[in-house]
Amino acid sequence: MAGVIEGELRGEGLRFGIVAGRFNDFITSRLLEGALDAFRSHGVREEDLTVVRVPGAFEIPVVARHLAGSGRFHAILCLGAVIRGETPHFDYLCAETSRGIGSVALETGLPVLFGVLTTDTVEQAEARAGGKSNKGWEAALAALEMASVMAKLSDVKSPRSNPSGTSDFGFRTS
Ligand code: INI
């Protein structure tokens with residue numbers, strides 16, 4: 001039987017940093033509310049949630065990097081809204097923002113979640129930032145799951161440090 005490591009959606013004792021762009025605030029504030037609701041309803045304490053607002057999506061990665069390097073958080077959640085109709089720089093902005101956020105995760109080894117909407121129209125953005133379907137909520141659940149997965153992975157002993165070849169989960173690692 002294969003050993004399977006899966007995250008749980010339990011927020012007790014976990015700390016999250018949230019970086020949210022102010023550009024298109026009528027969308028990003030809804031994503032932020034969705035994310036905060038998701039964290040609170042899964043047991044994350046108010047004092048374990050830190051929100052940093054930044055001007056726009058382009059500024060998200062540098063703040064995410066700062067928070068990720070602080071050692072204070074189990075995961076960082078990035079929220080923003082880039083809407084094509086409003087900028088000729090849409091493709092550059094989306095590419096830079098996603099590349100930057102992905103780099104922070106790989107560089108720091110911390111889960112850094114991508115909750116940045118990239119849509120063609122305002123209507124599409126609104127549909128993803130509503131009460132029923134809210135990408136902020138969804139990204140917060142992914143943050144909870146990833147924080148749990150990473151905690152479990154850090155418990156798995158490598159074969160080198162664990163010559164018996166048995167993990168904490170009872171399955172063989174070598
Ligand atoms: N920032 C966004 O988050 N969304 C956008 O749609 C957007 N548009 O359309 O330009 C946007 N621009 C601002 C950008 O993120 C930076 O804040 C700005 O260029 C200063 O660096």
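Scan Phe39, Phe58, Phe73 and give me the residue that is at pLDDT 95 or above, among the aromatic types (Phe, Trp, Tyr) and closer than 22 Å to Asp120 by Cβ. Among Phe39, Phe58, Phe73, only Phe58 is at pLDDT 95 or above, among the aromatic types (Phe, Trp, Tyr) and closer than 22 Å to Asp120 by Cβ. Summed over the stretch 31-43, residues that are without any contact (Cβ under 8 Å) to a residue 40 or more places away in the chain and in contact with a Lys or Arg (Cβ under 8 Å, 6 or more places away or on another chain) total 1.
Please work out if Asp37 is more than 16 Å from Leu113 (Cα to Cα) and under 15 Å from the mean Cα position of the chain (by Cα). So that I can check it myself, show each step before the final result.
Details: more than 16 Å from Leu113 (Cα to Cα): yes; under 15 Å from the mean Cα position of the chain (by Cα): yes.
Against the criterion (more than 16 Å from Leu113 (Cα to Cα) and under 15 Å from the mean Cα position of the chain (by Cα)), Asp37 qualifies.
The residues in the stretch 131-157 that are surrounded by fewer than 14 Cβ atoms within 10 Å (Cβ to Cβ) and in contact (Cβ under 8 Å) with a residue 60 or more places away in the chain can be counted, and the count is 1.
Pairing residues of the stretch 46-73 that are within 13 Å of Ser103 (Cβ to Cβ) with residues that are at pLDDT below 95, at Cβ distances under 6 Å and at least 6 apart in sequence or on separate chains, gives no pairs at all.
Taking the conditions exactly as written (surrounded by fewer than 16 Cβ atoms within 10 Å (Cβ to Cβ), within 19 Å of Thr119 (Cβ to Cβ) and of a type in the set (Lys, Arg)), does Arg22 satisfy them or not?
So Arg22 passes the test.
If you go through the stretch 47-57 one residue at a time, do you hit one that is open to solvent by 80 Å² or more (accessible area, probe 1.4 Å) and under 17 Å from the mean Cα position of the chain (by Cα)? Looking through the stretch 47-57, at least one residue is open to solvent by 80 Å² or more (accessible area, probe 1.4 Å) and under 17 Å from the mean Cα position of the chain (by Cα).
The values are calculated or read from the model by the stated rules, or taken from the named source; none is laboratory data. Please read all numbers here as calculations on a predicted model, not as lab measurements. As a convention, Cβ positions derive from the backbone with ideal geometry for all residues, glycine included, and neighbour counts pool all protein chains shown. The protein model used for the area step is the full one, side chains on, heavy atoms only, and it has no ligands, DNA or RNA in it. Shrake-Rupley method; radii C 1.70, N 1.55, O 1.52, S 1.80 Å.
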